[in-house]
Amino acid sequence: MDHLISASLLAADFGNLEKDVLMINRSQADWLHLDIMDGVFVPNISFGFPVIEFIKKVAEKPLDVHLMIVDPDRYLTRFNDAGANILTVQYEACIHLQRTVTEIHNLGMKAGVALNPHTPVSLLKNILPFIDLVLIMTVNPGFGGQSFIMESYNKITELRNIIDTGGYNVLIEVDGGIDTKNAAKLIESGVNVLVAGNSVFSSDDPVKTIHRLKKLT
């Protein structure tokens, strides 16, 4: 399959959020990525439910929602009601991960599991049959605009080997420091979905930048 682009609204202009969502609608981006932060699991706070509901009304692309929060099970139904199409939880935040992803599926959403940079991909072996994607954090989560962690390439390659060997139908998504300089190598390493925030919204022509990421030209 061709790789997907998930445009991260964490880097958007919050004062003109509708304008930026409409721009993403016009672009070749496949998904809209929303990072949900609670100030506990990560040292930052971001979108709440009213903002997600507003984005859902404007967006023409699926909402790719990443929960960087403690005890995400409390809010799975609410994120579904707010409009999430894909819901990703942090491996490190879930005590009963298989139960959590099963409930996400039962609610009608696709289920993902995210790993912090220090968490080995080998821990995912027993959950891969139950999920749709793995999100590899290529920076420490909490803030946009960080530098890509180079060790991530080895981690992605290892995960790709595990998925292919097991015959799992699981996408690999990456988030953190993604730009037109490293996108091609990430795809070659086995990535299916590129999350791009700062590289898109800080560029002079975000639609053109998304096109470059999509076409890798």
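Which residue pairs have Cβ atoms closer than 7 Å, lie 6 or more positions apart in sequence or on different chains, and pair a first residue in segment 48-73 that is of a type in the set (G, A, S) with a second residue that is at pLDDT 95 or above and outside any helix (DSSP H, G or I)? Between residues of segment 48-73 that are of a type in the set (G, A, S) and residues that are at pLDDT 95 or above and outside any helix (DSSP H, G or I), the close pairs are A59/L32. Do we find a residue being under 28 Å from E18 (Cα atoms), surrounded by 20 or more Cβ atoms within 10 Å (Cβ to Cβ) and not small (G, A, S) anywhere in segment 141-156? Yes, some residue in segment 141-156 is under 28 Å from E18 (Cα atoms), surrounded by 20 or more Cβ atoms within 10 Å (Cβ to Cβ) and not small (G, A, S). Among the conditions (1) modelled with pLDDT of 95 or more; (2) not in a helix (DSSP H, G or I), the only one that I162 does not satisfy is (2). Any residue in segment 137-146 that is in contact (Cβ under 8 Å) with a residue 12 or more places away in the chain, among the hydroxyl-bearing types (S, T, Y) and out of contact with any Phe, Trp or Tyr (no Cβ under 8 Å at 6 or more places or on another chain)? Within segment 137-146, none of the residues are in contact (Cβ under 8 Å) with a residue 12 or more places away in the chain, among the hydroxyl-bearing types (S, T, Y) and out of contact with any Phe, Trp or Tyr (no Cβ under 8 Å at 6 or more places or on another chain).
Condition test on Y153, is it in contact with a helix residue (DSSP H, G or I) (Cβ under 6 Å, 6 or more places away or on another chain), under 30 Å from V101 (Cβ atoms), outside any helix (DSSP H, G or I) and hydroxyl-bearing (S, T, Y)? No, not satisfied. It is to be established whether one or more residues within segment 100-111 are crowded, with 20+ Cβ neighbours inside 10 Å and either within 24 Å of F201 (Cβ to Cβ) or among the small types (G, A, S) (or both). Within segment 100-111, one or more residues are crowded, with 20+ Cβ neighbours inside 10 Å and either within 24 Å of F201 (Cβ to Cβ) or among the small types (G, A, S) (or both).
The values are calculated or read from the model by the stated rules, or taken from the named source; none is laboratory data. This one's a predicted model, so the numbers in the text were calculated from it and none came from an experiment. All Cβ positions, glycine included, derive from the backbone under ideal geometry; neighbour counts span all protein chains shown.
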